[in-house]
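FYI, it's all coordinate maths here, none of it is from the lab. All values derive from a computational prediction rather than experimental measurement. Note that we place each Cβ from the backbone using ideal geometry, even for glycine, and neighbour counts take in every protein chain shown.
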Amino acid sequence: MFNVIVKDTYEEVSAEAFKVMKGVLDSQKDPVLGLATGSSPVGLYQEMIKDHKENGTSYKNIITFNLDEYCGIPRDHEQSYWTFMHENLFNFIDCPEENIHVPQGNLADEEKAAADYEAALASHEVAIQVLGIGSDGHIAFNEPGCPFDSVTHIMPLTEQTRSDNARFFDGDINQVPKTAITQGLASIMRAKKIVLIATGANKAEAVKGMINGPKTTDCPASILQDHADVTVVLDKAAASLL
Ligand code: GLP
């Protein structure tokens, strides 16, 4: 079930998403957090950092699981999702490094890396999963056509996604990795609560497919129609086709 909230600005969208996150942090002891990369959740992470600094909200005993990672680049690559999470959140809160889980995209045995990540994830209950959405309707790196029953796996990235993400790789699509390791759609669906953030007109079609479209692997995010508790926070442009 979707609870759709539409706000005017990115700051307001982030503040609204933070309210959902804070509700979980305040009502549960040490909830397991599912985290996402991309520009969409950056404002939410800034709110979490501010709350940690000003209100002392502690992440000392909190375990986190990220959604995905590029394959074939080292962890300390400036565009790895491991680096992104440290630069945008982990370096500024008190979550111990050993509690942080980001899939490893640079191991020789990728299938084993995926199976090991899924096993670790499955032994926890994610209280809240943060999501963005790709302009092709992907969540995490589950691209169109990815089965709804998928668990953590290696996914070839679409041309659309690689071109969307080229802006982080000197605008050069050839530098964007061709595959990623990602939680599957079934992995994501196990989270108790989901907060999905989308802003900008280039997300409007995907948001419409997710909420109003048929449930189809052509729009991977449409699987969320079956989830009991999804808050979708949008700006007006992303909501424009609803
Ligand atoms: C990437 C990530 C997704 C993210 C999406 C949208 O490809 N794998 O998890 O939701 O892109 O990114 P952005 O929020 O920057 O638009």
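Multiply the residue gap between ALA201 and ASP51 by 0.36 nm, knock off their C-alpha separation, and tell me the result in nm, one decimal place.
51.0 nm
Want the number for SER123 to ARG75: 0.36 nm per residue separation, take away the alpha-carbon distance, what's left?
Gain in length upon complete extension: 14.9 nm.
Quickly work out the MET1-to-ALA108 label distance, labels modelled 7 Å from Cα along the C-beta direction, and quote it in nm with one decimal.
5.1
Size of the dipole of the chain about the Cα centre, Lys and Arg at +1 and Asp and Glu at -1 on the beta carbon, nothing else charged, in debye to 20?
The calculation lands at about 600 debye.
Be a star and scan the stretch 50-85 for residues whose amide nitrogen sits under 11 Å from the point 7 Å along the Cα-to-Cβ vector of ASN91.
What the label zone holds, given the 11 Å backbone N cut-off, is 83-85.
Report, ordered by chain and residue number, the aspartates and glutamates lying within cross-link reach of LYS193, taken as a straight Cα distance under 16 Å and ignoring same-chain residues fewer than 8 apart.
Leaving aside aspartates and glutamates fewer than 8 places away in the same chain, those within reach of LYS193 are GLU16, ASP26, ASP30, GLU125, ASP226, ASP229.
For the pair ASP116/LYS29, report the inter-label distance in nm, with labels modelled 7 Å from Cα in the Cβ direction.
For the pair ASP116/LYS29, the computed spacing is 3.2 nm.
Straight-line reach from LYS236: which lysines have Cα under 18 Å away, leaving out those fewer than 8 places along the same chain?
Excluding near neighbours in sequence, the set is LYS7, LYS203, LYS208.
So which of LYS29/LYS53; LYS112/LYS178; LYS29/LYS215 end up more than 24 Å apart, counting from Cα to Cα?
Distance filter (> 24 Å) returns LYS29/LYS215.
Seen from all sides and averaged, what is the projected area of the convex hull of the Cα atoms in the stretch 126-198, in nm²?
With every direction weighted equally, the projected area is 4.8 nm².
Where does the charge balance sit around LYS192 when Lys and Arg score +1, Asp and Glu -1, over other residues with C-beta under 12 Å from its C-beta?
In short, 0.
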